[in-house]
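Below is one structure, written out as structure tokens, with a few remarks after it.
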């Protein structure tokens, strides 16, 4: 009881960080020239290896996004190569891959943020934005992943490298299971259609 009380007090004083990796931002603070921020972008997230949060709406509103929960020691980890190639190919057209490391499946992302960043840099030369380790499984998903699942008819990641495609209007328009590689024609076609779409 005393331990729980002390932990609660420490959290309230900012001594213990018990917050989710993705923090919701009220939509009333997100209005801009073209209206309120889409629900899927109403979050602050912390880039991998950094401390200052990034507001998804301010950074990526109007862009096409492929959000992926990643892991360093998974049979699908080699998808990093295709994800990076896709990002390099389409980034000048307003396309971003956003990586969210997660340790939810098979404990295949056990390292801290530095270990994850070092692995991505050294092994796959990842240049697309990566964020702090998050929780994506349905029983304890961060608010961002709850919103992604809500917009995709309850489709939560069942394993590492599940992919959500978000159009320029901020809507989840497709999601792809882990075994579907980023260079699969179905994903490439969906990305290209979304890029061609005008706001």
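Computed from the coordinates by the stated procedures, all read-outs in this text should not be read as laboratory data. It should be emphasised that the depicted structure is a prediction, and the values quoted were computed from it without experimental measurement. Note that each Cβ is placed from the backbone with ideal geometry, even for glycine, and that neighbours are counted across all protein chains shown.
Identify the residue in region 112-136 that is surrounded by fewer than 16 Cβ atoms within 10 Å (Cβ to Cβ) and touching a helix residue (DSSP H, G or I) at 6+ places or on another chain (Cβ under 9 Å) and, among all such residues, is farthest from residue 167 (Cα to Cα).
Only one residue fits best here, namely 123.
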Name the residues in region 91-114 that are free of Cβ contacts under 8 Å to residues at least 24 places away in the same chain and either closer than 12 Å to residue 72 by Cβ or in a loop (DSSP other than H, G, I, E, B) (or both), would you? 107, 112
Looking only at residues in region 137-173 that are free of Cβ contacts under 8 Å to residues at least 60 places away in the same chain and out of contact with any helix residue (DSSP H, G or I) (no Cβ under 9 Å at 6 or more places or on another chain), which one is nearest to residue 190 (Cα to Cα)? 152
One residue is enough: does region 141-152 have a residue meeting the conditions assigned to a loop (DSSP other than H, G, I, E, B) and within 20 Å of residue 111 (Cα to Cα)? yes
